[in-house]
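The values are calculated or read from the model by the stated rules, or taken from the named source; none is laboratory data. Since the model is a prediction, treat every value here as computed from it, not as a measurement. Please note: Cβ atoms are built from the backbone with ideal geometry, for glycine as well, and neighbour counts cover all protein chains shown. Note: accessible area is taken over every heavy atom of the protein model, side chains too, but ligands, DNA and RNA are not part of it. Shrake-Rupley method; radii C 1.70, N 1.55, O 1.52, S 1.80 Å.
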Amino acid sequence: LVTTSTDRPGPDAALAAIRPGIRDLPKSGILEIVDYARDRDDVMPLWFGEGDLPTPRFICDGATRAMSEGHTFYTWQRGIPPLRDALADYLSNLHAQPVEVDRITVTTSGMAAIMMTLTALLDPGAGIAVVSPVWPNIYAAADIAGAKITPVPASREPGGVWTLDVDTLFATCDADSSIRAIFINSPCNPTGWVCPAAEIERILEYSRRRGIWIIADEVYARLTFDLQTGEPAATAPSFLDIATSDDLLIVINTFSKNWCMTGWRIGWMVTPPSLGPTLEKLVQFSTSGTAPFLQYGALTALTEGEHFFQEMLARCAKARRAVIETLGPLAAVDLSVPAGAFYGFFRVEGELDSMSLAKRLIDETGVGLAPGVAFGPGGEGYLRLCFAGSPDYVAMALERLAKRL
Ligand SMILES: Cc1ncc(COP(=O)(O)O)c(C=O)c1O
């Protein structure tokens, strides 16, 4: 049988022949705004969740040393033992009770940990309740897993802070027996909401009673601020403070934010120890592990990086203050003061379409913000500004915004 090039399916046929759920994945609304500004070189980008500091030298040295020493082979699927041990120590010091090493799996990013978690927990068609608004990748990952997403919107009064009505969360889960997991990101990207300890307790108690998984995304756990003074505050309340090792709990975390390592793609998850062998297989059959020399760099971040982290946090606190002092007094702006993470999330009077407003702000001020619509139910009408960059740079962008707003 001879086929000519004209017999072959064209690119559209190829696209039509992949899984519809994958083909139809919506593009992230954050990337839509980045694309809009692509041809402009005068835009101050505050749309992504990262600062402008490169990874500090001593952490890079930890990785390059390991590479030169020959840590370049296939590696432990759940992470090199010294890194897992160091993570267990780090988490045990951070939280109210010990976190044992057999609960820890190193992953090629927090995102990969989320994807692996959803793949492991959710059959296609199974439900997941997602506290929203939240980082768009969460919805996309659940889509890829074929899960049915039920958003549970947090809410806020104008001028107030965000709150989650946990009774609504429970009623939502009670009403749909297909829901197998609750996804909760605290401190929250984009709202800055921090789930209070009492609510964490209630959610854990509900999970125990109903046999529903909790997926706790705690990547911003140490980026918290005192609402009165604006100074850095203690680690956010965590499920790891109170859960036992056999609770239906998976905690997602990353090296990206605390140590300016977004490009490294390295994170970790804490799970019941019984999931270990399954996670080992999932790692084997997806990434086959995280580059060992990167893991040594991450180990350096954990063991020597506290001073750097504290400096980075102080810098965020300063930039956060600039956000509150500049946007807060503007009559047309309704800013929710963030208790955690490094985002300002605000509304502008009379502006209901966040994508259109984000585009106009690029045209009129040259400042790039993420449109709230990208973050799911509850997000439309808001804009997200990342204040992880240098306080002077953030202040300059704020000045431009303030003139227009
Ligand atoms: C809420 C949340 N979870 C997880 C991540 C994943 O981080 P990474 O994939 O860089 O480890 C991010 C990154 O922005 C995030 O905002």
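A search for C-beta distances below 6 Å between a residue of region 349-366 that is closer than 13 Å to Glu32 by Cβ and open to solvent by less than 40 Å² (accessible area, probe 1.4 Å) and any residue that is small (Gly, Ala, Ser) and assigned to a helix (DSSP H, G or I), counting only pairs 6+ apart in sequence or on different chains, returns Ser354/Gly372.
Residue count for region 282-293 satisfying the condition of being in contact (Cβ under 8 Å) with a residue 40 or more places away in the chain, open to solvent by 40 Å² or more (accessible area, probe 1.4 Å) and not polar (S, T, N, Q): 2.
Conditions tested, residue by residue: (1) open to solvent by less than 10 Å² (accessible area, probe 1.4 Å); (2) in a loop (DSSP other than H, G, I, E, B); (3) more than 11 Å from the ligand (Cβ to nearest atom).
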residue: Ala113; (1), (2), (3): yes, no, no
residue: Val134; (1), (2), (3): yes, yes, no
residue: Ile149; (1), (2), (3): no, no, yes
residue: Glu157; (1), (2), (3): no, yes, yes
residue: Phe170; (1), (2), (3): no, no, yes
residue: Arg180; (1), (2), (3): no, no, yes
residue: Cys188; (1), (2), (3): yes, yes, no
residue: Cys195; (1), (2), (3): yes, yes, yes
residue: Glu199; (1), (2), (3): no, no, yes
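Quick one: is Thr72 assigned to a loop (DSSP other than H, G, I, E, B), of a type in the set (Val, Ile, Thr), open to solvent by 20 Å² or more (accessible area, probe 1.4 Å) and away from the ligand (no atom under 16 Å from the Cβ)? Spelling it out, Thr72 is indeed assigned to a loop (DSSP other than H, G, I, E, B), of a type in the set (Val, Ile, Thr), open to solvent by 20 Å² or more (accessible area, probe 1.4 Å) and away from the ligand (no atom under 16 Å from the Cβ). Considering region 325-352, and only residues there that are of a type in the set (Ser, Thr, Tyr) and more than 16 Å from the ligand (Cβ to nearest atom), the residue that is farthest from Arg222 (Cα to Cα) turns out to be Thr326. Report whether or not Trp47 is within 30 Å of Ser28 (Cβ to Cβ), open to solvent by 20 Å² or more (accessible area, probe 1.4 Å), touching a residue at least 40 places away in the same chain (Cβ under 8 Å) and outside any helix (DSSP H, G or I). Yes.
Selection of first residues in region 126-139 that are of a type in the set (Ser, Thr, Tyr) and of second residues that are open to solvent by less than 10 Å² (accessible area, probe 1.4 Å) and within 11 Å of the ligand (Cβ to nearest atom), restricted to Cβ pairs under 8 Å at least 6 apart or on distinct chains, gives the following pairs, ordered by first then second residue: Ser132/Phe375.
Out of (1) loosely packed, with under 12 Cβ neighbours inside 10 Å; (2) within 16 Å of the ligand (Cβ to nearest atom); (3) at pLDDT below 95, what's the single condition that is false for Pro54? Just one mismatch for Pro54, condition (3).
Condition check for Thr105 on (1) touching a Ser or Thr at 6+ places or on another chain (Cβ under 6 Å); (2) open to solvent by less than 30 Å² (accessible area, probe 1.4 Å): one failure, at (1).
Just the residues that are in a helix (DSSP H, G or I) and buried (at least 24 other Cβ atoms within 10 Å of the Cβ), please, taken from region 240-269.
Listed by number, the residues that qualify are Leu240, Trp264.
In the set (1) of a type outside the set (Phe, Trp, Tyr); (2) under 26 Å from Ala243 (Cβ atoms); (3) in contact with a helix residue (DSSP H, G or I) (Cβ under 9 Å, 6 or more places away or on another chain), the condition left unmet by Pro277 is number (3). Residue count for region 87-101, restricted to those that are in contact with a Ser or Thr (Cβ under 8 Å, 6 or more places away or on another chain) and either in a helix (DSSP H, G or I) or within 16 Å of the ligand (Cβ to nearest atom) (or both): 1.
Within region 330-346, the set of residues being touching a helix residue (DSSP H, G or I) at 6+ places or on another chain (Cβ under 9 Å) and either at pLDDT below 95 or open to solvent by 10 Å² or more (accessible area, probe 1.4 Å) (or both) comprises Leu330, Val333, Leu335, Val337. Among the residues of region 203-239, the ones that are assigned to a strand (DSSP E or B) and either acidic (Asp, Glu) or without any contact (Cβ under 8 Å) to a residue 12 or more places away in the chain (or both) come to 1 in all. Of all positions in region 268-275, at least one carries a residue that is within 19 Å of the chain's Cα centre (by Cα), away from the ligand (no atom under 13 Å from the Cβ), at pLDDT 95 or above and hydroxyl-bearing (Ser, Thr, Tyr).
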